[in-house]
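Q: I'd like to ask you about the structure that follows.
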Amino acid sequence: MRPFSMFAMTLALAALPLMAFAQGAVPAPPDVKAPPKDAKKTSSGLAYKVLTPGTGKSHPSATSEVTVNYTGWTTDGKMFDSSASHGGPATFPLNRVIKGWTEGVQLMTEGEKARFWIPEPIAYGGRQAPFGMLVFDIELIKIK
């Protein structure tokens, strides 16, 4: 590939998240600052609430490949990531994401939508942004 076209492609790829953000961030849920009293909590500190029950019967394992729609916010309501900004549902193995996702998505069944409040130690651990507790709305579309 010619150097100019490689540069142009790199620039275009870097601009994709910004273009998606410019199209409009997903508004933060009203309970983004902290989990509500009716949220369930695990021993790791992960809090979650089912928004829409799933239609499936089985749960993914830590090594399952899953397809999801998701949006993530910091507790001040700023959206920092969304599958929509990457062109639609994302597919990945659960053991290749942050610990809070690995733990939380295993609680779900196909078709389920849930909100997770992931404390920093099982999010990015304070090693990289975004820092602090993170909030994700996740829809589990498929388990492989």
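The values are calculated or read from the model by the stated rules, or taken from the named source; none is laboratory data. What you are looking at is a predicted structure, and each value in this text was computed from that prediction instead of being measured. Methodologically, a virtual Cβ is constructed for each residue, glycine included, from the backbone with ideal geometry; neighbour enumeration extends over all protein chains shown.
Q: For residues that are touching a helix residue (DSSP H, G or I) at 6+ places or on another chain (Cβ under 8 Å) and assigned to a strand (DSSP E or B), scanning just segment 106-144, find the one that is nearest to Pro27 (Cα to Cα).
A: Phe136
Q: Checking Leu46 against (1) surrounded by 12 or more Cβ atoms within 10 Å (Cβ to Cβ); (2) over 15 Å from the mean Cα position of the chain (by Cα); (3) modelled with pLDDT of 95 or more, which test does it fail?
A: If we test Leu46 against (1) surrounded by 12 or more Cβ atoms within 10 Å (Cβ to Cβ); (2) over 15 Å from the mean Cα position of the chain (by Cα); (3) modelled with pLDDT of 95 or more, just (2) comes out false.
Q: Then there's this: Evaluate segment 65-76: report whether one residue or more is buried (at least 17 other Cβ atoms within 10 Å of the Cβ), touching a residue at least 24 places away in the same chain (Cβ under 8 Å) and not in a strand (DSSP E or B).
A: no
Q: Next up: Within the group Ala84, Ala114, which residue is more than 19 Å from Lys41 (Cβ to Cβ), surrounded by 15 or more Cβ atoms within 10 Å (Cβ to Cβ), more than 10 Å from the chain's Cα centre (by Cα) and touching a residue at least 60 places away in the same chain (Cβ under 8 Å)?
A: Ala84
Q: Just for segment 67-96: of the residues that are among the hydrophobic types (A, V, I, L, M, F, W, C) and in contact with a helix residue (DSSP H, G or I) (Cβ under 8 Å, 6 or more places away or on another chain), which one is farthest from Pro30 (Cα to Cα)?
A: Here the residue is Leu94.
Q: The conditions are (1) part of a loop (DSSP other than H, G, I, E, B); (2) at pLDDT 95 or above, and Glu103 fails exactly one of them. Which is it?
A: The one condition Glu103 does not meet is (1).
Q: Which condition number does Pro29 fail, the rest of (1) part of a loop (DSSP other than H, G, I, E, B); (2) out of contact with any Lys or Arg (no Cβ under 7 Å at 6 or more places or on another chain); (3) not acidic (Asp, Glu) being met?
A: Pro29 satisfies every listed condition except (2).
Q: Consider only pairs whose beta carbons are under 7 Å apart and that are at least six residues apart or on different chains; among these, list those whose first residue lies in segment 118-135 and is within 21 Å of Tyr48 (Cβ to Cβ) and whose second residue is among the basic types (Lys, Arg).
A: From segment 118-135, the pairs are Ile122/Lys99; Val135/Arg115.
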